[in-house]
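Asker: First, the structure itself, so that you have it in front of you.
Every read-out reported here was derived from the displayed coordinates using simple, explicitly stated rules and does not represent laboratory data. These numbers come from a predicted model, not from an experiment. Neighbour counts are summed over all protein chains in view; Cβ atoms, including those assigned to glycine, are modelled from backbone coordinates with ideal geometry.
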């Protein structure tokens with residue numbers, strides 16, 4: 001996957017997170033979890049874009065690492081929505097799969113960058 005495709009994919013992920021959060025019930029717990037999910041979901045793409053503009057390999061690795069952490073955090077908040085009974089598992093399945101795939105992509109990308117950095 002090239003840089004532009006991943007930029008587009010992470011942006012689409014952020015937009016899907018926005019739609020999910022907007023669909024949550026207006027209860028305190030759902031709002032609190034939703035706010036956390038919204039922050040981490042939109043941060044994945046923003047940090048990847050920053051990584052692509054990095055001034056060095058080390059800068060790329062650091063910022064891509066933040067994208068990885070944020071994608072994984074999204075999984076956590078979606079698990080919380082599911083396990084708290086706020087959102088059915090079926091509704092989260094595809095978005096969680098995408099977050100898993102982004103985690104795998106960023107993990108592989110960071111490993112490759114580290115190997116090329118040495």
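Asker: Return a whole-number percent for the relative contact order of segment 3-117, with Cα pairs under 8 Å and 6 or more residues apart as the contact set.
Answerer: Relative contact order of segment 3-117: 27 percent.
Asker: Write down Rg/Rh for the chain, rounded to two decimals, with Rg from the C-alpha atoms and Rh from the Kirkwood relation over Cα pairs.
Answerer: Computed over Cα atoms, the ratio is 1.02.
Asker: Using alpha carbons only, how many degrees (0 to 90, rounded to 10) separate the axis of helix 57-83 from the longest principal axis of the chain?
Answerer: Taking the Cα atoms of the chain, the angle to 57-83 is about 20 degrees.
Asker: Something else now. Note the angle between two axes, namely the Cα long axis of helix 89-117 and the longest principal axis of the Cα atoms of the chain, as a number of degrees from 0 to 90, rounded to the nearest 10.
Answerer: Once rounded, one gets 20 degrees.
Asker: Next question. Which order do 107, 112 fall in if you start with the one that has the fewest other Cβ atoms within 10 Å?
Answerer: 112, 107
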